[in-house]
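J.: Sending over a structure as structure tokens; questions will come in a sec.
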Amino acid sequence: MKANKSKDELLKSANDLNSQQLYHGTKADLKIGDLIEPGFNSNYGKRKKAAYVYLTATLDAATWGAELAFGDAPGRIYIVEPTGDIEDDPNLTDKKFPGNPTRSYRTNSPIRVIGEITGWEGHSPERLKEMKDHLEKLKQMGIEAIED
């Protein structure tokens, strides 16, 4: 894992409730300084135009984003900073996980890439299949993973 902090420091920081480190998991190949903006097709569900950009304060949630994003490119996890206000992601807070334990957020402002986490470990193939099967079940039931 390459970043300004060691792997242990990053994991501790990502799980520290006072941490300000924010991440975005995707399959897009971005550069430091790039902006991730709402208004483009979502990486999930029916790929409709996204009204928000999603970010998280945990590497686990960012890992899911990188693994489940649309496309065949390798997953990537970026360190990001918001350019505007952020709010709890209602798709993962009181609807599914009261109190936002996944520390997932959204914003309708761009977020700026300020670094990249490399060498991160994905979920096991079994756990990934389990999540994809669950998402497929929701899709068959007409439930979108992301509701704006």
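The values are calculated or read from the model by the stated rules, or taken from the named source; none is laboratory data. The model shown is predicted, which means the values in this text are computed figures rather than measured ones. Note that each Cβ is placed from the backbone with ideal geometry, even for glycine, and that neighbours are counted across all protein chains shown.
J.: Taking the options 127, 76, name whichever one is modelled with pLDDT of 85 or more, among the basic types (Lys, Arg) and either surrounded by 15 or more Cβ atoms within 10 Å (Cβ to Cβ) or within 18 Å of residue 23 (Cβ to Cβ) (or both).
T.: 76
J.: Still on this structure: Of the residues 22, 92, 35, 30, which is hydrophobic (A, V, I, L, M, F, W, C), out of contact with any Ser or Thr (no Cβ under 6 Å at 6 or more places or on another chain), crowded, with 17+ Cβ neighbours inside 10 Å and modelled with pLDDT of 60 or more?
T.: None of the others qualify; the one that does is 22.
J.: Just to be sure I understand the filter: pairs with C-beta atoms under 7 Å, separated by 6 or more residues or on different chains, first member in segment 120-137 and within 15 Å of residue 63 (Cβ to Cβ), second member among the acidic types (Asp, Glu) and surrounded by 11 or more Cβ atoms within 10 Å (Cβ to Cβ). Which pairs pass?
T.: Close Cβ pairs satisfying both conditions: 122/67; 123/67; 128/67.
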